[in-house]
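Derivation of every value follows stated rules applied to the coordinates shown; laboratory data play no part. It should be emphasised that the depicted structure is a prediction, and the values quoted were computed from it without experimental measurement. As a convention, Cβ positions derive from the backbone with ideal geometry for all residues, glycine included, and neighbour counts pool all protein chains shown.
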Amino acid sequence: MSNIRTLRRTVLGTALGLGLGSLAGGPVLAQAVTGAVAGRADAGAQITVTNAATGQARSVTVNADGTYRVAQLPVGDYSLQVSRDGQAVGTPVSVAVSLGGTTNVNLGSGGNVTNLQSIQVMGSQVVNRVDVFSTESATNITRAELARLPVDQSLASVALLAPGVVSSGASFGGLTFGGSSVAENVVYINGLDVTDPYRRQGFSTVPFAFFEEFQVKTGGYSAEFGRSTGGVINAVTRSGGNDFHAGAEVTMEPSAWASSAKDHFYPDGKISSQDRTSRDVNPLYKANVWASGALVKDKLFFFGMYERRDSRPQDIDTSEAWKTRDANNFWGAKIDWHINDDHLLELLAFSDKADATTSKYDYTWDSSAFGKKQGESTSGSGGDNGSLTYTGHLGENFVAKAMYGVNKRSATSSSPWDAECSIVTRSSSYTAAFGPKTAQEGCHPSNSSISNRYDQRKAARLDFEWTLSNHLLRFGLDQELMDSKSSRVYPGDGASYQAQAATPGGILPNGAVVPAGVTAIVDARRYVTGAPVSTKAQAFYVEDNWSVTPNLLLNLGVRADKFHNKLASGATFAKAEFSDMISPRMGFSWDVKSDGSTKVFGNAGRYYIPLTNKLTDYFGGGTTDEHTYYALDGWTQKNDPVTGAPYLFPKLGAQLGPVNTDGNTPAPDDVRTAVDRDLKQVFQDEYILGFQQAINQTWSYGVNVTYRKMTRAVEDVRINHVDGCPWYSGDWPILNPGEKATLWCPDTNNWVTFDTSKDGYKASGSGAIMGYKKPRRTYKAVELQLDRAWDGKWAFNASYIWSKSEGNIEGPVNSDTGYNDTSLVQYYDHPAVNERFGPTFNDYRHQIKLNGSYKLNDMWSFGSTLFARSGGPITAFGVVWPNDNRSAGGPGEYSGGGSGWLCTSSPTNNCSDWRTRQLTYSPRGAFGRMPWYWNLGANVTWTLPVKDIDLKARLSVYNLLNRQTMINLHSRYESAPGTKMPYFGEGTNWQSPRYVQLVVTYTY
């Protein structure tokens, strides 16, 4: 992504008027929740900026070299006044400060703006065209800009406006930034990290109308940002001012306004794996009310919002249907206390708790009739969140910032039957001996476990900014404590009951003998798993923004991270010290003509990403798995506690022998055989070089090139051979595949070190010893950009990206096969899985984005967006490879594994014989590409043409052309050697159909 896109241009004037493009954000601190004003003026003059909403003022003295900078300004509109010897010079200049940006204002001796050749002037409005204070790539979008475009109300939809950001076609969804996987991004709200700590594939959010401005970073971000090898979504919320304002907004997406999804059939006439979709509906209604103002004029301000959402989707298949009720309350609040002009305290609180209840029904497709209700379940998500932030200006040249926040998330499931209905099943042996069941056995409709997870992040950070002559020094530190507590238990009394046939005199697994006369038993299994795991992540950074000359800026920084993952027992799972995760960051910005109209910029940096709690949870929880055996004394009739219907429950007779506790596993406290002693963390190196120029006061263009390279992974690796340690005969420890590993050897009671690129895997049959290829992923891109700023009448932005994403690994998830357990996706369950280097799932060679808005008059305005990309590669996955009798993958779509070797059975080629079969190598992408994806959106906005009444209605149509393009497919080529899967290459996921959204807003 380039620095030329200015969705949020720097504005000097009385009104805001922007084009769609990118902004290269200038250096600001504390996760870039503020902005700055900087430029040139007469040495010794006073520069004062005053917030138009709150009246807060900040003043600085122009340096001896004629430069000035006013830092840590909350996002908003300001007036700038030049003073000399205590007297105002000239008239105030209106300045808009954007998120993470630096507004460049050069002033003459008369207080007038002098850099007019590099800015747009429209009446009293002035717009910066090039930000020469920036070396990073980011796209800024404001609430006002979103109101002119057809953009859905979500953070993901906003991020998709930025070039290089693509909605993944993976079955588990997500966003990919610059060829990265969906599990490498990070999201901040008012400086608080709200990214999912468990899988790193989701995030918390405030009510959408609560957001004020967004910044989407795709590369070159400064040293204060870390824990990401993908992209950064940085957002700030609205705040109150001296004037009281209030409003309401209603959003409607009736199902009657949406097009139906298509039913998809395989060539043999069978319905696709998604079953029917043509009768699915997803209506959404939501409304919010908000108010803002001053509790104490010029001192204490508030903003509050309450939102009610009601969504009732229906998923209707051929013989089953699901109805969901999702009605929830969301809220957000912000308090700003300006203690004085130099000290600010901000409190943010919001909740995104949500519950959805889904009921399952029988369904008859031909008559469109719902039948008997078969069950009901409730899922929960979200949590309560908040942060407290202090900003202090300690003199003109030093700023300190402190933040503490809590982010909570949850993933819960339950049903009305959980409390009183235990799981009841029967074995095939019982059915064979006594015949099929003739009545309902057990009352739980799904016979599934109760699974819950609660995540909590406690984040704290300190940031400092110190201006010393032509050096802007920035430094800080942060800490995140991330806890995840998961559990899985059986419903009812905590046991599942299975009826089994038995033979008198037979031996049960607990050693008991089946008594005479007993021909049926009950296996009562009590299964409890899950435990709390935690991660402590810490970092510090130091950065110098050095103005070497008036037109050359160097950004020199370094970041160091450390983390400590702990098991439920409190023992260490994995850890890294500061010295293990050092990330240098370097960038430059050259104001070629010294007038702010033309810029050459570049940056180079290293970015680390830590382990998730999912990986620790997989290894770190204890398990209770106990079996108690009883004689089955028949069945007792009971009544369903929810429906009242009768059902049968096994009548337990005498207990047969002791409780079998062989399956119990305590929480581990020693993982020396499971985790590499010297585990190193994943990093990515990135290089960007770009050019940006203002063609005139309205138009600008630019070009940049990007190169990214990742050469390390953390994964579970099949280790069935280690020279000198026979104990490893089939284990999956966590390693850096393709590098040296050190594990504990129980045979020798000592550490053993081996090179996993040469050892670790022993082929079945042939006995060949080999290792694993080192992971490698590269991303190369060229981006072109053309932008026309909003001038009160129209705006336009166009971008084109050519890119190539290649590798033998996508990242910590596997989109090819739909496996999203971060860092546990079976890339290294067999050397064949990562053998192939080629186009990755997220390799979209061509991306085109067009955005425009037009104001016809004071009543009517229009907007449109177009996103087009070429299709991703089609890669085949086989199940074996040469000289090995062990499977390299299975036929399941939503699991890992799979090789690049395919077998064609023939009279002369017996694919079942590993010694003689002839295999054909199939590179990544060998079966072509999926089709191009096109998404056209359009909107029209009506504004009530009455003075002092702010009433608007915006009608947006998404996917206007109703294209339902295939975006993912069956990639499993074989179910067994020589047995081709019947639906290889057929679709599994498609573009969502057209839908319409009406948003009505009133502001007082």
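A few notes on this one:
- Asp263 long-range amide H proximity, modeled H, under 5 Å: Thr277, Ser278
- Couplings for segment 199-210, taken from phi via the Karplus curve 6.51 cos²θ - 1.76 cosθ + 1.60 with θ = phi - 60°, read 10, 6, 10, x, 6, 7, 8, 8, x, 4, 5, 7 Hz in order; Gly and Pro are left as x.
- When each of Lys323/Lys373; Lys485/Lys536; Lys299/Lys408 is checked by Cα-Cα distance, pairs over 20 Å: Lys299/Lys408
- Cut-off 10 Å between beta-carbons: net charge of the residues surrounding Ser180, Lys and Arg +1, Asp and Glu -1: 0
- If you take all other residues with their beta carbon under 11 Å from the beta carbon of Val714, and give Lys and Arg +1 and Asp and Glu -1, the sum is -2.
- Backbone phi angles across segment 749-765, fed through the Karplus curve with coefficients 6.51, -1.76 and 1.60 (θ = phi - 60°), yield HN-Hα couplings of 6, 7, 6, 10, 10, 8, 8, 6, 7, 10, 9, x, 10, 10, 5, 7, x Hz in residue order; Gly and Pro are listed as x.
- At 0.692 mPa s and 37 °C, Stokes diffusion of segment 520-627 via Kirkwood alpha-carbon radius, µm² per second: 182
- Each label was represented as a point 7 Å from its Cα along the Cα-to-Cβ direction; for Arg279 and Leu300 these points are 5.8 nm apart.
- Shown is the FRET efficiency for Asn857 and Asp362, computed with R0 = 56 Å from the Cβ-Cβ distance and rounded to the nearest 0.05: 0.50.
- The alpha carbon gyration tensor of segment 822-877 gives principal lengths a ≥ b ≥ c with a/c of 1.5 or higher and a/b greater than b/c, which makes the shape prolate.
- Neighbourhood charge, 14 Å Cβ-Cβ cut-off, centred on Phe649 and excluding it, Lys, Arg +1 and Asp, Glu -1: -1
- Each Lys and Arg Cβ is given +1 and each Asp and Glu Cβ -1; about its Cα centre, segment 430-473 then shows a dipole of about 140 debye.
- Added length on full extension, which subtracts the Cα-Cα distance from 0.36 nm per residue, Gln374 to Ala654: 97.4 nm
- Relative contact order (%) - criterion: Cα under 8 Å, at least six apart; region: segment 145-237: 29
- For the pair Thr519 and Asn639, a Förster radius of 35 Å applied to the C-beta separation gives a FRET efficiency near 0.80, rounded to the nearest 0.05.
- Computed on segment 145-237, the Cα convex hull volume stands at 104 Å³ per residue.
- Exposure proxy shown here: for Leu107, Leu146, Leu850, the number of other Cβ atoms within 10 Å sets the order, fewest to most, as Leu850, Leu146, Leu107.
- Bridging of Lys638 to aspartates and glutamates at a Cα separation below 15 Å is possible for Glu420, Glu441, once same-chain residues fewer than 8 apart are set aside.
- Estimated inter-spin distance, Asn910 and Thr979, nm [label 7 Å along Cα→Cβ]: 1.7
- His245-Asp723 pseudo-label distance in nm [points 7 Å out on the Cα-to-Cβ vector]: 7.0
- Segment 634-743: relative contact order as a whole-number percent, Cα under 8 Å and 6+ apart: 23
- Taking a point 7 Å out from the Cα of Trp337 in the direction of its Cβ, the residues of segment 390-414 whose backbone N falls within less than 19 Å of it are 390-394, 400-406.
- Reachable lysines, given that their alpha-carbon falls under 20 Å from the alpha-carbon of Lys270 and they are not under 8 places away in the same chain: Lys262, Lys980
- Compactness check for segment 703-779: Cα Rg over 2.2 N^0.38 Å is 1.34.
- Long-range amide H partners of Asp493 with built H, under 5 Å: Ser422
- Correct choice for semi-axes √(5λ) of the Cα gyration tensor in Å that was computed from the model, options [x] 54, 47, 23; [y] 66, 33, 22; [z] 54, 33, 29: [z]
- Using a cut-off of 28 Å between Cα atoms, the listed pairs Lys297/Lys793; Lys217/Lys849; Lys680/Lys849 include Lys297/Lys793; Lys680/Lys849 as exceeding that distance.
- For segment 231-245, Karplus couplings with θ = phi - 60° (6.51, -1.76, 1.60), whole Hz, Gly/Pro x: x, 10, 10, 10, 10, 10, 9, 6, 9, x, x, 5, 7, 7, 9
- Multiplying the residue separation of Lys804 and Val782 by 0.36 nm and removing their Cα-Cα distance gives an extension gain of 7.0 nm.
- Across the chain, Cα pairs under 8 Å and at least six residues apart give a relative contact order of 10 percent.
- Cut-off under 5 Å, modelled amide H: who pairs with Gln374 long-range: Lys360, Tyr361, Asp362
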